[in-house]
Structures are given as C-alpha cells and as structure tokens.
Amino acid sequence: MCFLCHNQNLETHNFVFVDGRRRRRQDQCEQIQTDSSIETKNRKFSNMDFSFCLTSPIIYNLVHFLVVFSLLCPVFSSSKIDNNPVVNNTFKPNEELHKLNIISNRLQQINKPSIKTIQSPDGDIIECVISHIQPAFDHPLLKGKRPLNPPERPKSHNKMDEMSENFQLWRSSGESCPEGTIPIRRTSEQDMLRANSINTFGKKLRKRVRRDTNSNGHEHAVGYVTGNQYYGAKASINVWAPRVANQYEFSLSQMWVISGSFGDDLNTIEAGWQVSPELYGDSYPRFFTYWTSDAYQATGCYNLLCSGFVQTNNKIAIGAAISPTSAYTGGQFDISLLIWKDPKHGNWWLEFGSGILVGYWPSFLFTHLRDHASMVQFGGEIVNSNQGSHTSTQMGSGHFAREGFGKASYFRNLQVVDWDNNLIPLSNLRVLADHPNCYDIQGGINNVWGNYFYYGGPGRNVKCP
C-alpha cells in the first residue's frame with residue numbers, strides 16, 4: 001500500500017538578543033549620528049526599489065525598521081537559546097530586505113485585482129476576481145484563454161436538487177461574488193511568513209513515497225482501490241474540527257486520485273477538508289484542493305496558490321472555512337465531492353454536492369493522469385512532528401472508528417468512474433491504518449451508505465504513548 005506521506009521539515013528559528021552592552025553601544029551610535037552621515041548612508045540604498053514596501057503596512061514597517069536599524073549599527077549576539085550558544089549571529093538587513101521583496105512579488109502574483117471585497121467573520125478577506133485573470137491563467141498554455149464550459153457528467157450520477165453553496169463562513173452574510181468572477185481567499189504577509197520557507201509556501205514538502213508503514217511523520221487511516229483503470233471517484237466526507245497540536249502539524253480528510261510509478265513521476269489530484277495552522281493561521285476546517293505531477297517536487301500547490309486549478313464557480317472559495325461542522329453525539333455534516341475526467345477534453349473536473357461545479361485541472365498539467373488513474377484513496381492523514389511521545393493531533397473527530405455514527409468520522413457512498421464514464425460502486429475496497437493504536441479504520445457496506453468506513457483517533461493515548 002502506498003501512503004502519500006509528506007515530509008514536514010521543521011526549521012529551527014534563531015532569535016538574536018541584544019544585551020545591555022549592545023544597547024548602550026546603540027545609544028552611543030544614535031547620539032553621534034549626524035544628519036550628513038545619515039544622508040550619506042541613505043544614498044547607499046538609493047538604488048534599491050522600495051516600491052513594494054507600500055503594498056503592505058506590515059512589510060512597510062519591517063523595511064523601515066531594518067533600514068534604520070542597519071544604519072545605526074550592526075548587531076551581534078553571544079546569547080543562549082535553550083542553553084545552546086548562538087555565536088556570531090549577524091543581523092543581515094540586506095538578506096531580510098531580499099526576503100521581503102520576494103514576499104511582495106509573490107503576493108502580487110497570487111492576489112489578483114478584484115472588483116469586490118468581502119470580509120468573512122473568521123478574519124478572511126475574500127476577493128472577487130474576474131475569472132479569466134485568476135492565477136491559473138498565468139500559465140503559458142492558458143494565457144489569453146477563458147474557463148471551459150461544463151463537461152458531460154458521469155452516467156448514473158444522481159443530480160438531485162443542488163446542495164446549498166452556503167457551507168462556508170464567508171457566505172454567512174449573504175454576500176457572494178458577481179457572475180463572471182470567482183471568490184479567492186486573499187493571501188497575506190502573515191500567511192507567507194508562517195511557511196516553512198518562502199519558496200515552499202503553498203506546497204506540500206517533498207517526501208519519499210513509500211509502500212511500507214514507515215511514513216516519516218505522516219500517519220494515515222485510508223480506504224483504497226487499485227488494480228484497474230480509474231477515471232474519477234466520488235465520496236461523502238464527514239466534516240469535523242480536529243485539534244492540531246502545533247503550527248507545524250495538520251489534520252486532513254480527502255480523496256486522492258493517483259497515477260505513476262510512485263517515484264519522481266507520481267501524479268496526484270486531491271480534494272477534501274483540512275485543519276492547517278501553518279497554511280491558514282487558525283484551526284478552522286477548510287475546503288482545499290491540491291495537485292502535483294512530479295511527486296511534490298517542483299509542480300503543484302494548494303488551492304489557487306499557483307497556475308493550475310481553473311475555478312469556474314462564483315460562490316465557493318477554495319481554502320475558505322467550512323461551516324457548520326459535526327458535533328460529538330450531535331448533528332452530523334458531510335460534503336460530497338466528485339472528481340472525474342472529461343471524456344471529450346481530458347480535463348479533471350471537481351464537483352461539490354450534487355451538480356455544483358467548482359472547476360477543473362487541465363490535462364496538460366499531468367503526465368500519467370493525462371490518461372487515467374491507477375489508484376484511488378479515501379481517508380485521513382495527520383503530521384506527527386514529535387520526536388519522543390506521539391502527537392496529540394486528532395484525526396477526523398478525534399475518536400476511534402469503533403465508536404460509530406455520531407462519534408467517529410466517516411466516508412460514505414464511495415464510488416469510482418470507469419472507462420465509459422459510469423459511476424460504479426467499489427468492488428475491492430481495502431482499509432489500512434499505519435498506526436492503529438493512534439488512529440484506526442473499520443470498513444463496511446450496506447444498502448444506504450454503499451461502501452463506507454469509519455476512521456480516526458485521538459493520537460497520543462495509553463496505547464499510543
């Protein structure tokens with residue numbers, strides 16, 4: 001069994017402390033500084049482009065601090081952090097300015113001009129962007145084009161009355177984006193500064209995809225099918241708000257549509273919900289998408305954070321918080337997702353509920369998935385960043401599968417799309433948990449839910465120390 005395990009390389013954050021002697025030296029520098037010397041030093045920066053600073057109060061303040069601080073005097077540190085000496089750590093304003101310049105340029109690429117802005121109760125800012133200038137159309141093969149018309153849906157797809165599109169917090173006020181635009185969650189400086197690195201912002205860190213149960217910190221409880229050619233998949237996914245222990249961990253529930261040799265050529269299409277404090281800065285479950293065509297190396301990203309997924313819907317914001325969520329022994333809430341390959345153009349489409357098209361992944365993004373998928377996975381994944389005791393990050397509801405409905409999280413009505421664009425039940429679903437004392441899974445089948453499974457767990461407990 002192949003788990004899609006994403007290595008989370010945690011960086012050590014170094015801090016520079018200025019002791020009393022350094023502060024006195026700084027005061028002296030300030031006292032002897034003359035207007036002429038300041039002007040001379042300022043001229044050294046005159047050729048630098050600071051226009052990006054004006055785009056954000058945060059970046060502006062940081063740049064102002066860095067410039068003034070670097071003019072006064074360099075700072076060195078011989079302080080200790082956690083009893084480890086920090087020697088010759090030099091404050092390097094030029095490197096920080098370069099980093100801020102990269103952030104500003106990236107934000108300009110991601111945050112497109114909008115015709116309307118909506119403030120969400122959770123703090124998100126949703127911008128209504130004209131559909132053909134969304135990030136996907138920065139791709140060379142899409143420049144000058146417009147989103148495609150809806151494709152033929154799979155046969156045996158029961159299109160009932162459309163499920164409400166008001167399943168996200170930003171829609172609670174009744175606001176939506178006009179026709180011809182799409183809602184995009186604005187990316188902030190804080191979002192990028194939380195990232196493991198600026199270059200990997202919006203990406204799953206590359207990891208070795210393995211067939212054993214050693215998952216390098218990524219732990220799973222999944223149902224899967226393999227051995228045939230798959231052209232799509234569908235499931236209803238129970239939504240919870242699991243507790244995530246720290247910023248560098250996440251908890252998600254999703255579908256994976258997979259093809260390739262599980263080496264550097266791995267292709268995946270992914271959709272579901274996730275709690276990721278690092279990516280979003282909070283603990284809300286959020287609707288997300290992902291893709292890669294080279295095993296999470298250079299290609300792919302979450303949501304609309306790169307040129308890839310083409311959104312066509314003006315009422316769903318990918319990356320926005322989901323509401324309501326399920327309650328333990330209380331009301332249950334699930335979302336239905338369908339991913340399938342358009343037989344005519346070969347693009348992979350995403351549908352929410354029954355009939356609400358979200359958008360598509362163009363076929364040219366992929367290699368193996370230009371044809372078909374060789375595996376489909378459904379289930380949960382968490383990151384365990386602890387080196388000693390196990391993390392307390394929850395998967396699903398935070399309760400084990402044996403607790404059943406209303407207590408454990410579930411996937412139900414699992415289906416795949418065959419070569420003739422038919423939605424069919426699974427015939428060979430297998431379930432597997434790589435750390436069953438921490439997170440487990442139990443499958444079943446009945447006339448109402450078809451193929452289903454319960455899954456999840458609390459993480460650290462007596463049997464998972």
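The values are calculated or read from the model by the stated rules, or taken from the named source; none is laboratory data. None of the values given here were measured: they were computed from a predicted structure. Backbone-built Cβ (ideal geometry, glycine too); neighbour counts: all protein chains shown. Surface areas here come from the heavy atoms of the whole protein model, side chains and all, with no ligands, DNA or RNA. Shrake-Rupley method; radii C 1.70, N 1.55, O 1.52, S 1.80 Å.
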### Task
Note down the nm distance, to one decimal, between modelled labels 7 Å out along Cα→Cβ at Thr200 and at Lys145.
3.1
### Query
Solvent-accessible area per residue for the stretch 213-301 at a 1.4 Å probe radius, Å²?
23
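Leaving ligands, DNA and RNA out of it, report the carbon-plus-sulfur percent of the accessible area of the stretch 288-356 at a 1.4 Å probe.
It is 50 percent, rounded to a whole number.
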### Query
Given a 1.4 Å probe, how much area per residue of the stretch 104-187 is accessible, in Å²?
55
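Per residue, how much accessible area does the stretch 338-465 show when a 1.4 Å probe rolls over the protein heavy atoms, in square angstrom?
38
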### Globularity ratio of the stretch 296-343, using Cα Rg and 2.2 N^0.38 Å
1.58
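So if each residue of separation counts as 0.36 nm, and I subtract the Cα-Cα distance between Lys463 and Asn422, what length gain in nm does that give?
10.4 nm
Past 32 Å, Cα to Cα, is the threshold; run Lys155/Lys315; Lys155/Lys203; Lys203/Lys315 against it and keep the listed order.
Lys155/Lys203
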### Summary
Charge tally for neighbours of Ala401 with beta carbon under 10 Å away, counting Lys, Arg as +1 and Asp, Glu as -1, is 0
### Task
Could you work out, for the stretch 307-465, what percent of all Cα-Cα pairs fall into each 10 Å distance bin, beginning at 0 Å and stopping at the bin that holds the largest distance?
9, 30, 33, 23, 4, 0
### Query
From the square roots a ≥ b ≥ c of the eigenvalues of the alpha-carbon gyration tensor of the stretch 398-459, which class results: rounded (a/c under 1.5), prolate (a/b over b/c), or oblate?
prolate
### Message
Under the rule a/c < 1.5 gives rounded, and otherwise a/b versus b/c splits prolate from oblate, where does the stretch 213-275 land using the Cα gyration tensor?
### Response
oblate
### Message
When only alpha-carbon atoms are used, what values of Rg and Dmax, in angstrom, describe the stretch 347-401?
### Response
17.4, 47
### Query
For the stretch 372-465, what % of the accessible area comes from carbon and sulfur atoms, probe 1.4 Å?
49
### Query
Among 263-271, 118-126, what's the highest-first ranking by average C-beta atoms within 10 angstrom per residue?
263-271, 118-126
#### Entry: Spin-label model distance (nm) - Lys344 vs Lys155, 7 Å beyond Cα toward Cβ
1.7
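Return a whole-number percent for the relative contact order of the stretch 368-456, with Cα pairs under 8 Å and 6 or more residues apart as the contact set.
30
Please give the length that would be gained between Phe405 and Asn105 if that part of the chain were fully extended, namely 0.36 nm times their separation in residues minus their C-alpha to C-alpha distance (nm, one decimal).
103.2 nm
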### Task
With the cut-off at 24 Å, report for the stretch 245-361 the share of all Cα pairs above it, as a whole percent.
29
